[in-house]
Ligand code: G4P
């Protein structure tokens, strides 16, 4: 188990077979030291990709994205889910449906901040059904920039997202990969492999 998987075992709460609560360290109260480690991990994994920009989505993607941007020394742009008073003019938009929350959001970023010279790393906190990741890929591609990879803090590998996004030809790097949340317990992909060895 890596540092994040250990923390999930320690402080994560399994709410159902589909939902893991991590609000004590990741998406409500935030542990800045853990976030910095996450940023270093993404920066190391994508060090050779010539990343020029990070794109994420509000709100829980912002913290890991900023830490990664800090280490890679590149700006971070976050897609908004609601219209902003000041975000107007030329926007790139995509429609993102959340199966978990049963709602659809129009997500947008300003054309000013991502362009065809950019090599973009997309970062998000969870990868479940892949809809947010696909929406971000769509926006980045509209700008003419290249998607150089997708960094995910927690991948729920028992859902379709990772497979769908990988099939589209994108490199997905997830720090924690959850195989199952059955019986109130978190089981990681690596743990399963370790058991077999
Ligand atoms: P998808 O984008 O991969 O298809 O995922 P999905 O629609 O299922 O997820 C929508 C929202 O639910 C996202 O947050 C995502 O982070 C969150 N989510 C998905 N699975 C889990 C889970 O097991 N535990 C927790 N805690 N969250 C989960 P969001 O609506 O964008 O919220 P936020 O970023 O503003 O916090």
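Take residue 150 and decide whether it is within 14 Å of the ligand (Cβ to nearest atom) and in contact with a helix residue (DSSP H, G or I) (Cβ under 7 Å, 6 or more places away or on another chain). It is true that residue 150 is within 14 Å of the ligand (Cβ to nearest atom) and in contact with a helix residue (DSSP H, G or I) (Cβ under 7 Å, 6 or more places away or on another chain). Pairs linking a residue in the range 120-132 that is closer than 7 Å to residue 161 by Cβ to a residue that is at pLDDT 95 or above and part of a strand (DSSP E or B), with Cβ atoms under 7 Å and 6 or more positions apart or on different chains, are 127/152; 127/155; 127/156; 127/174; 128/156. Taken over the range 73-93, the criterion of being in a strand (DSSP E or B) and within 17 Å of residue 54 (Cβ to Cβ) is satisfied by 76, 77, 78, 79, 80, 92.
Please work out which residue is nearest to residue 69 (Cα to Cα), limiting yourself to the range 94-110 and to residues that are in contact (Cβ under 8 Å) with a residue 40 or more places away in the chain and not in a loop (DSSP other than H, G, I, E, B). Residue satisfying both the conditions and the ranking: 109.
State yes or no: is residue 70 part of a helix (DSSP H, G or I), under 20 Å from residue 149 (Cα atoms) and within 11 Å of the ligand (Cβ to nearest atom)? No: the conditions fail for residue 70. Residues of the range 33-63 that are touching a helix residue (DSSP H, G or I) at 6+ places or on another chain (Cβ under 9 Å) and within 11 Å of the ligand (Cβ to nearest atom): 56, 57, 61, 63. Filtering the range 4-32 down to residues that are surrounded by 15 or more Cβ atoms within 10 Å (Cβ to Cβ) and part of a loop (DSSP other than H, G, I, E, B), which residue is farthest from the ligand (Cβ to nearest atom)? This residue is 31.
The test for being within 15 Å of the ligand (Cβ to nearest atom), in contact with a strand residue (DSSP E or B) (Cβ under 7 Å, 6 or more places away or on another chain) and more than 26 Å from residue 157 (Cα to Cα) holds for residue 108. Within the range 41-57, the set of residues being free of Cβ contacts under 8 Å to residues at least 40 places away in the same chain and surrounded by fewer than 15 Cβ atoms within 10 Å (Cβ to Cβ) comprises 44, 47, 48.
The number of residues in the range 111-140 being in a strand (DSSP E or B), more than 8 Å from the ligand (Cβ to nearest atom) and crowded, with 23+ Cβ neighbours inside 10 Å comes to 4.
Within the range 94-109, if we keep just the residues that are in contact with a helix residue (DSSP H, G or I) (Cβ under 8 Å, 6 or more places away or on another chain) and more than 19 Å from residue 54 (Cβ to Cβ), the residue that is modelled with the lowest pLDDT turns out to be 99.
The values are calculated or read from the model by the stated rules, or taken from the named source; none is laboratory data. This is a predicted model, so every value here is computed, not measured. Note that each Cβ is placed from the backbone with ideal geometry, even for glycine, and that neighbours are counted across all protein chains shown.
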